[in-house]
Amino acid sequence: DGGITQSPKYLFRKEGQNVTLSCEQNLNHDAMYWYRQDPGQGLRLIYYSQIVNDFQKGDIAEGYSVSREKKESFPLTVTSAQKNPTAFYLCASSWRIGDSPLHFGNGTRLTVT
Amino acid sequence: QKEVEQDPGPLSVPEGAIVSLNCTYSNSAFQYFMWYRQYSRKGPELLMYTYSSGNKEDGRFTAQVDKSSKYISLFIRDSQPSDSATYLCAMTDGDYKLSFGAGTTVTVRA
């Protein structure tokens, strides 16, 4: 079955620690994305990547970092510089940037205390 | 003003009713429109994808786009309890970014 796998489903961290969220896809999509979802708000774009070894900041990139060393993998690191890291994080992929619909993973719920 | 406005609901309907959802937007350059369904603690699932104005039907789902009014709709016929979820609209002008509505929470009562 093709799809996007995010792990872990739930993650708990202490304030001041960096944490990395995993995202793997086997859809052979070129483009990958990270979104953040907070209650009552639409999804907000953190980072996106069109191809391997290339990524761009989205609307809320501050306090986050990514890498794209392999086509199928796009991990997100939430650093201690992110002021409000507790949220539901969604990874997505698409054939290409722009007119291609996004397919989402099932998310990682990060709680920082 | 938000770029995409979507009534958060909640919307509660009896089983078998027609569910009507809509979004309005301000950017006239949007030309690709999507509807996603999101169950609690899950990722959004693509339901419908349309380009430009017009209607598209897929089973019990119908998506409508009216670009002149900057208004899109999703209709769910013969609604089932399994349709209980949050529905997100999304749209793009073909650039890298999707603009999402905040989502409408729907409950279908058995």
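The values are calculated or read from the model by the stated rules, or taken from the named source; none is laboratory data. Keep in mind it's a predicted model, so treat the numbers as computed, not measured. Every residue, glycine among them, receives a Cβ derived from its backbone with ideal geometry; neighbour counts consider all protein chains shown. Just the protein is used for accessible areas: all its heavy atoms, side chains included, with ligands, DNA and RNA removed. Shrake-Rupley method; radii C 1.70, N 1.55, O 1.52, S 1.80 Å.
For region A:99-113, filtered to residues that are closer than 27 Å to residue B:31 by Cα and over 12 Å from the mean Cα position of the chain (by Cα), the residue that is modelled with the lowest pLDDT is A:99. Looking only at region A:26-77, residues that are in a loop (DSSP other than H, G, I, E, B) and either within 9 Å of the chain's Cα centre (by Cα) or without any contact (Cβ under 8 Å) to a residue 24 or more places away in the chain (or both) come to 14 in all.
Could you list, in sequence order, all residues of region A:86-101 that are part of a loop (DSSP other than H, G, I, E, B), free of Cβ contacts under 8 Å to residues at least 60 places away in the same chain and not acidic (Asp, Glu)? Matches in region A:86-101: A:86, A:98, A:101. Looking only at region B:42-75, which residues are open to solvent by less than 50 Å² (accessible area, probe 1.4 Å), assigned to a strand (DSSP E or B) and of a type in the set (S, T, N, Q)? Scanning region B:42-75 gives B:50, B:62, B:73. Based on what the data block shows, is residue B:47 within 11 Å of another protein chain (Cβ to nearest Cβ) and modelled with pLDDT of 95 or more? Yes; evaluated as a whole, the condition is true for this residue. I need the full set of residues from region A:82-113 which are of a type outside the set (Ser, Thr, Tyr), open to solvent by less than 20 Å² (accessible area, probe 1.4 Å) and within 10 Å of chain B (Cβ to nearest Cβ), in order please. Correct list: A:90, A:91, A:92, A:98, A:102, A:105, A:107. Taking the criterion of being within 14 Å of chain A (Cβ to nearest Cβ) and open to solvent by 50 Å² or more (accessible area, probe 1.4 Å), the residues of region B:76-110 that qualify are B:93, B:95, B:96, B:97, B:105.
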